[in-house]
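Since the structure comes first, as structure tokens, the remarks are kept for the end.
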Amino acid sequence: MTSLDEIVALCKRRGFIYPGSDIYGGITGFWDYGPMGVELKRNLKNEWWRTMVQSRRDVVGLDAAIIMNPDVWTASGHTKAFADPLVECKICNQRFRSDKPQELRAHEETHANKGEKVSWTEPKQFNLLTEVLLGVTEPKLTAYLRGEITQGVFVNFANVVASSRVKLPFGIAQIGKAFRNEITPGNFTFRSREFEQMELEFFVKPSDAEADKWFDYWMEERKKWYVSLGIKAENLKFRKHEDNERAHYARKAFDIEYNSPFGWSEFEGIHHRGDWDLSRHKLTYKDPQTNEEFTPWVIETSGGVDRATLFFLLEAYRKEEKRIVLGLHPKLAPMKVAVFPLVANKPELVDKAKTIYEELTKYFMVAWDERGNIGKRYLAQDEIGTPWCVTVDYATLEDDSVTVRDRDTTKQERVKVTELSGYFQKLLGIL
Ligand code: ATP
């Protein structure tokens, strides 16, 4: 199994993810996405949006503000209940979540190796909302960076119903940043203090049969989506939340977990939120046919963009005898194609390659490399997961065709320059 260290090293070396504020020594729980990482993450979000919004008549999108009226968080119950149980090691004062027994055991072991026996303080509830102070005069308004993107959807429920043609059952989808003052950020980007979520709130009639039907449907849809983009089904599993671990809003919850180097770990939750949020915000829905007024129930799919990005990287990474390959699905790959002139000092080859590069960049991200030998250029593209490399050589000047090399098989074939963009668009499923 790929180790987390291998991915952390690749991410830094190839420009996927850097520690936040790196030149100032970093800051715990914050990460910056580099030139490759930003493309990977953007492709992931675009694919999600295409599947969850663009291709569905029953879902619309939204982009709500990060900072909301603090009353939202009082009504939603977050100022009271959005908390994790914190315990402190009495030997070294390090803090942990008492609901993560694996992490507690690991810490106990580090002390046991020094002949010490850990005892813990009593658990205290620690609220995860990050406060911000707004305004210029004292007292300033205490607001919060949103701890989940969900509430932006609920407070706009009436606006969306009034301004679009949605009818139950329907969903509102959103992608955006969330912030949590996590007690133990760690495992690279897995637990960060700033992260992105991609969520669907799907509103249904308040009936057990309806809610169960949609809950099962969305569980399957979400799993299928991850598998369609390259995660092996055997590396995914559903885990049902026990009664005592469910969030304050949830009637039923399942996590989608990935078989990661640090154990099976949640990266998406499917939640039955019932009428918790809409009734807290005093919002109802009027059936346009029957005029009946009621509070819909909500089935939520809440995925982490950063956790999914990390797991796609782990899944794609493979070490072969002579190369490291990131076997990302072409739809997710940061660069779809790389274009190389065979040598950099032949203007005819460079000019021809530039024309091809410019034509292809009309459709997708294309890498350009003219340094060193071709073999090294292939290896560099393999490490960032570029599915195809195009080489412009002397024969190109004669027969107007190029060599296309496939990342996974390393096989090469000749393709006519005039057919090149259609050739790749077909492979990418966009033609
Ligand atoms: P955990 O138990 O790991 O703290 P959670 O159950 O609190 O997660 P949810 O509130 O269900 O998480 O959030 C939905 C999704 O948002 C998670 O499945 C995850 O992908 C993402 N997420 C939540 N917290 C973080 C975080 N601190 N860093 C990165 N992603 C996160």
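No lab work stands behind these numbers, since they all come straight from the coordinates. What you see is a predicted model, and the numbers here were worked out from it, not measured in a lab. Here the Cβ positions follow ideal geometry from the backbone for every residue, glycine too, while neighbour counts run over all protein chains shown.
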Exercise for the section: Mind listing whichever residues of segment 181-238 are within 17 Å of the chain's Cα centre (by Cα), crowded, with 20+ Cβ neighbours inside 10 Å and in a helix (DSSP H, G or I)? Expected result: Arg222, Tyr226
Handout entry: Count - residues of segment 324-346 that are surrounded by 15 or more Cβ atoms within 10 Å (Cβ to Cβ) and free of Cβ contacts under 8 Å to residues at least 60 places away in the same chain
Key = 6
Handout entry: Residue selected from segment 157-180 under the condition part of a loop (DSSP other than H, G, I, E, B) and more than 14 Å from the ligand (Cβ to nearest atom), by the criterion surrounded by the fewest Cβ atoms within 10 Å (Cβ to Cβ)
Key = Arg165
Exercise for the section: Enumerate the pairs (first residue in segment 399-426 and more than 19 Å from Thr361 (Cα to Cα); second residue anywhere and in a strand (DSSP E or B)) with beta-carbon separation below 6 Å, excluding pairs fewer than 6 apart on the same chain, so at least 6 apart or on different chains. Expected result: Gln412/Thr403; Gln412/Arg405; Glu413/Val404; Arg414/Ser401
Practice task
Run Val132 past the list (1) surrounded by 18 or more Cβ atoms within 10 Å (Cβ to Cβ); (2) over 30 Å from Lys90 (Cβ atoms) and report the number of the one that doesn't hold.
Solution key: (1)
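In segment 143-153, is there at least one residue being of a type outside the set (Ser, Thr, Tyr), away from the ligand (no atom under 15 Å from the Cβ) and closer than 24 Å to Ser76 by Cα?
Residues of segment 143-153 of a type outside the set (Ser, Thr, Tyr): 143, 145-149, 151-153.
Cutting the leftovers down to away from the ligand (no atom under 15 Å from the Cβ) gives us 143.
Cutting the leftovers down to closer than 24 Å to Ser76 by Cα gives us 143.
Yes; the residues of segment 143-153 include at least one that is of a type outside the set (Ser, Thr, Tyr), away from the ligand (no atom under 15 Å from the Cβ) and closer than 24 Å to Ser76 by Cα.
So which of Leu420, Leu397 is out of contact with any Leu (no Cβ under 6 Å at 6 or more places or on another chain) and within 29 Å of Lys41 (Cα to Cα)? Full working, then the answer.
Numbers: Leu397 fails: within 29 Å of Lys41 (Cα to Cα).
Answer to the check: Leu420.
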Handout entry: Residue satisfying all of: in segment 274-301; surrounded by 23 or more Cβ atoms within 10 Å (Cβ to Cβ) and within 16 Å of the ligand (Cβ to nearest atom); farthest from Phe202 (Cα to Cα) among these
Key = Asp277
Exercise for the section: Residue by residue through segment 117-141, note down the ones that are farther than 27 Å from Ile175 by Cβ, among the polar types (S, T, N, Q) and touching a residue at least 12 places away in the same chain (Cβ under 8 Å). Expected result: Ser119, Thr121, Gln125
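Which helices (runs of 4 or more DSSP H) sit wholly inside segment 29-117 and have at least 2 residues that are touching a helix residue (DSSP H, G or I) at 6+ places or on another chain (Cβ under 9 Å) and of a type outside the set (Val, Ile, Thr)? Talk me through it step by step, then tell me what you get.
On the way: elements: 35-49, 71-75, 78-81, 101-112.
Ranges flagged: 35-49, 71-75, 78-81.
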Exercise for the section: Taking Glu201 as the residue in question, decide whether it is charged (D, E, K, R) and more than 11 Å from the ligand (Cβ to nearest atom). Expected result: yes
